[in-house]
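To keep things clear, I will list the structure first and then write my remarks on it.
What follows is calculated from the coordinates using simple rules that are stated; it is not laboratory data. Just so you know, these numbers come straight off a predicted model, no measurement behind them. A quick note on method: Cβ atoms are made from the backbone with ideal geometry, for glycine too, and the neighbour counts reach across all protein chains shown.
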Amino acid sequence: MTGTMKAAVLVKPGQFDVRDVPRPEPGRDEVLVRISRVGICGTDIHIFNGHYAAENLPMIPGHEFTGTIAELGEGVSGLTVGAPVVVDMNIGCGSCYWCRRNEILNCPEMQQMGITMDGAFAEYISVPARLVIPTPQNVPVEVLALTEPLACVVRCARKANISFGQSVVVLGAGPIGNLHVQLLRTIGAAPIIVADLSEDRVQLALEAGADVGVTNPSALEETVLRHTEGRGADVVIESVGLPALYQQAAQLIRKGGHIAAFGLTGAGETLPVDILQTILQENSIKGSVAGMGQDMHDALTLLTHGRIKTDRFTGASYALDHIQQAFDSITDRPGDLKTQIVLTH
Ligand SMILES: NC(=O)c1ccc[n+]([C@@H]2O[C@H](COP(=O)([O-])OP(=O)(O)OC[C@H]3O[C@@H](n4cnc5c(N)ncnc54)[C@H](O)[C@@H]3O)[C@@H](O)[C@H]2O)c1
Ligand SMILES: [Zn+2]
Ligand SMILES: [Zn+2]
């Protein structure tokens, strides 16, 4: 199969050009995927605004995607043309120390589709066959396109060892904070306390399964103590990306508690840590980034079995031709937690 395809090229910050580009050919051990749905992620908005990966422009962004297999490259077996799939966007070398640990972002050769190389705001993408995950036939594409963001949240819960009966505070009730809340509910964490400055976002998080919502930052610490028998939370997940909130998280955990570092701060930002207190109380902080390997499989399983409410994530969709409008107007739709680009129906 050769020829051209339609793609949304981000030519410079703030400006997409939807145009015909060469259709990728699947190389050896690669699979050509015909894309059906792609979510717009906060990272895409950072790229669009020129705040992230700007050195890679012009580029086709998009990494939260689902589609069907269009063609198999040489050497690929075990996959079928026409099968619906999701794709792990993180490409490691597959054989280094970090790849074997499923810590692919530490691989010296790491690439990410739609961030360091062309991605999925296009009709087709060619990807390594080992990163392709076939999906059940009966899951709607708008739900499958949530696999990658949910995988990030799955990884965070795994890295933080969150279990049933643990008290968890989620700072930030954006799209990802909402998924954290839903996964925590599924795990059986209790109570789940969510904080956001936006009343609407807190309300959505309460509908999604949070037990307590806080919009007034100065009331947060007292609220957490009141709901944790005066101890503080077992775990605080920072899902905003502000150093000041990481500092507040340290006040919200119990002795021996854990901070899940998830919200992306600016590069080089630092956190003052009381080292002696950290040692004596056995407190901890651990990062979690992206969703890969087992995280993708687990996220797909949760979506397939209806464990995540997706209606707030699937309402806003735009054709590829209108991607500029989709990005320009994204902040006008606070009730929609996700905007998706529709490629095929
Ligand atoms: N580590 C990872 O793997 C990973 C993956 C995806 C996203 N992220 C990061 O997670 C964060 C959340 O993602 P998102 O898409 O939901 O972001 P978002 O920007 O859409 O939502 C952030 C929310 O935080 C709220 N907020 C802002 N300031 C606040 C404050 N002082 N206190 C409480 N709430 C506040 C906002 O009202 C908003 O609802 C971002 O930093 C994003 O970059 C990390
Ligand atoms: Zn994303
Ligand atoms: Zn590697």
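Of VAL143, VAL236, how do they rank once you tally other Cβ atoms within 10 Å and put the fewest first?
Values: VAL143 21, VAL236 31.
Listing VAL143, VAL236 from fewest to most nearby Cβ atoms yields VAL143, VAL236.
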For labels at ARG231 and ARG307 in the simple 7 Å Cα→Cβ model, what's the distance in nm?
2.4
So how far apart, in nm, are the two label points at THR331 and THR270 if each is 7 Å from Cα heading toward Cβ?
3.1
Only loop residues by DSSP count here, and only those with at most 10 other Cβ atoms within 10 Å; note down the GluC sites (Glu not before Pro) in the range 39-145 that meet that.
GLU74
Which of the listed residues, ILE279, HIS51, ILE125, is farthest toward the dipole's positive end in the chain, when Lys, Arg count +1 and Asp, Glu count -1 at the beta-carbon?
ILE279
So what's the convex hull volume per residue for the Cα atoms of the chain, in Å³?
133
Summing -39500 (n - 2.57) over every DSSP H run of at least 4 in the chain, dividing by its residue total and rounding to the nearest 500, the 222 nm mean residue ellipticity is -7500 deg cm²/dmol
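Can you tell me the length gained on complete extension of the stretch ALA244 to THR278, counting 0.36 nm per residue apart and subtracting the Cα distance? Intermediate values should be presented prior to the final figure.
Numbers: separation 34, 0.36 × 34 = 12.24 nm, distance 1.80 nm.
This chain segment gains 10.4 nm when fully extended.
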To the nearest 10 degrees, how steeply does helix 199-208 sit against the main Cα axis of the chain, on a 0 to 90 scale?
80
Cα centroids of the range 317-345 and the range 1-70: how far apart, whole angstrom?
15
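Rounded to the nearest 0.05, what FRET efficiency is calculated for GLU199 and GLN251 with R0 set to 22 Å and r the Cβ-Cβ distance? Spell out each step's value before the answer.
Values: r = 23 Å, r/R0 = 1.06.
Efficiency, rounded to the nearest 0.05: 0.40.
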Test of understanding: in a Gaussian network model of the chain with alpha carbons linked when under 10 Å, which of VAL273, VAL212, VAL85 would top the mean-square fluctuation ranking?
VAL273
Longest principal axis of the chain (C-alpha) makes with the long axis of helix 175-187 (C-alpha) an angle, in degrees to the nearest 10, of 70
Toward the positive end of the charge dipole of the range 161-287, about the Cα centre and with charges on Cβ (Lys, Arg +1; Asp, Glu -1), which of ALA173, SER198, ILE259 goes farthest?
ILE259
Does the range 29-117 come out rounded, prolate or oblate by the C-alpha gyration tensor, with a ≥ b ≥ c the root eigenvalues, rounded set by a/c under 1.5 and, if not, prolate when a/b is larger than b/c and oblate if not?
oblate
Scan the chain and hand back the longest stretch that contains none of the trypsin sites (Lys or Arg not before Pro) lying in DSSP loops with at most 15 other Cβ atoms within 10 Å.
102-230
